[in-house]
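Pasting a structure below so you can have a look.
The values are calculated or read from the model by the stated rules, or taken from the named source; none is laboratory data. The shown structure was predicted, so the numbers you read here are calculated from the model rather than taken from an experiment. Cβ placement follows ideal geometry from the backbone for every residue including glycine, while neighbour counts extend to all protein chains displayed. For accessibility, only protein heavy atoms count, side chains too; no ligands or nucleic acids. Shrake-Rupley method; radii C 1.70, N 1.55, O 1.52, S 1.80 Å.
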Amino acid sequence: RSAIDACAARGRVARVALLAGDGEDEAEAWLRAGGSRMLDVFEVSAARLTRLRGRLAGHGERVRLQQQDLNFLTLPREHYDAVLAGSGVFRLINLEYVFDEIAQALRPGGLFGLLSYIGERRQAYAPARLALVNAALAEVPERFRFDAGKGIAAADPAGIAPFRAVRSDEILAVARARFEVVEEQLDGRLFPLFLYIDVAGLEREEPALLERLLQRERALAADPAATPCTAFLVLRRR
């Protein structure tokens, strides 16, 4: 299941806020799963809001779209049964302020669903991670690879957006300090491997190889040297 489906499966609630979405389908997925009667979507990009307005038109008054800079987010007090934060959280600088704002916006006992990259800051992947990732990538036939045979390297700071993963390595600590952890799933020990391979192609043509890669990912959970890069948390307002 996706993180959206996992949160929706906890039971339908009255009102939910969705922020820091990175895709174009999070709101649709939430409404399709019946997660809440009402959904408020917060987004900084006017262009993205225009696209979402078109995609969500069929849901009528169940959805409200609001344009806000999420680093200076303003939410009504004790208004939401749940807040969902997507993978765009890794672009936030004002983590403490934003998480405090989310906490005060939740009704007593309200839940905060968080999905985020939590790996190396600015995606400057450590040599140990790159060794694991490239060893796995070497097993994948070239026709399923997107790396042009170059392998995977740390991101070039000059080539990525200025706020990308700017405080990614602090997200977990800031969240845990402000909320009670209900559920926590840490993954991505081979990240960003699966961004560099044709997963759908492997599933169709080489399912055994795909399963071996997934098994390798799962096995690394027992290795303290293989640090996670992605986190899915369900948190409760204290």
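I'm checking my understanding of the structure. Among residues of region 48-89 that are of a type in the set (Val, Ile, Thr) and exposed (fewer than 13 other Cβ atoms within 10 Å of the Cβ), which one is modelled with the lowest pLDDT? Step through it out loud before you land on a result.
Keep residues of region 48-89 that are of a type in the set (Val, Ile, Thr), which gives 50, 63, 74, 83, 89.
Narrowing further to those that are exposed (fewer than 13 other Cβ atoms within 10 Å of the Cβ): 50, 74.
Values: Thr50: 94, Thr74: 97.
Among residues in region 48-89 that are of a type in the set (Val, Ile, Thr) and exposed (fewer than 13 other Cβ atoms within 10 Å of the Cβ), the one modelled with the lowest pLDDT is Thr50.
Kindly check whether there is at least one residue in region 205-228 that is free of Cβ contacts under 8 Å to residues at least 60 places away in the same chain and not in a helix (DSSP H, G or I).
Yes.
Out of Arg164, Arg176, report the one residue that is assigned to a helix (DSSP H, G or I), of a type outside the set (Asp, Glu) and over 30 Å from Arg212 (Cα atoms). Don't jump to the end; show me each part of the working.
Values: Arg164 fails: assigned to a helix (DSSP H, G or I).
Answer to the selection: Arg176.
Do we have Ala6 as open to solvent by less than 50 Å² (accessible area, probe 1.4 Å), in contact (Cβ under 8 Å) with a residue 40 or more places away in the chain, closer than 21 Å to Ala105 by Cα and among the aliphatic types (A, V, I, L, M) here?
no
Then there is this: Quick one: which strands (runs of 3 or more DSSP E) lie wholly within region 22-97 and hold at least 2 residues that are in contact (Cβ under 8 Å) with a residue 60 or more places away in the chain? Give the steps one after another, and end with the answer.
On the way: elements: 36-43, 63-67, 80-85.
In region 22-97, the matching strands (runs of 3 or more DSSP E) lie at 80-85.
Right, another one. Give me a count of the residues in region 57-90 that are under 21 Å from Cys7 (Cβ atoms) and in contact with a helix residue (DSSP H, G or I) (Cβ under 8 Å, 6 or more places away or on another chain).
Filtering region 57-90 for residues under 21 Å from Cys7 (Cβ atoms) gives 59, 62-66, 70, 73, 75-76, 78-90.
If we keep only those that are in contact with a helix residue (DSSP H, G or I) (Cβ under 8 Å, 6 or more places away or on another chain) too, we end up with 59, 62-63, 65, 70, 73, 75-76, 78-80, 82-86, 88-90.
Going through region 57-90 one residue at a time, the tally reaches 19.
For region 179-204, how many residues are buried (at least 19 other Cβ atoms within 10 Å of the Cβ), in a helix (DSSP H, G or I) and charged (D, E, K, R)?
0
Somewhere in region 149-167, is a residue surrounded by fewer than 19 Cβ atoms within 10 Å (Cβ to Cβ), at pLDDT below 95 and of a type in the set (Asp, Glu)?
yes
If Leu92 satisfies every condition in (1) open to solvent by 40 Å² or more (accessible area, probe 1.4 Å); (2) out of contact with any strand residue (DSSP E or B) (no Cβ under 8 Å at 6 or more places or on another chain); (3) at pLDDT 95 or above but one, which is the exception?
Just one mismatch for Leu92, condition (1).
Filter region 222-231 for residues that are open to solvent by 20 Å² or more (accessible area, probe 1.4 Å) and under 19 Å from the mean Cα position of the chain (by Cα) and give the result.
Narrowing region 222-231 to residues open to solvent by 20 Å² or more (accessible area, probe 1.4 Å): 222-225, 227-228, 230.
Once the filter is applied, which keeps residues that are open to solvent by 20 Å² or more (accessible area, probe 1.4 Å) and under 19 Å from the mean Cα position of the chain (by Cα), region 222-231 yields Thr227, Pro228, Thr230.
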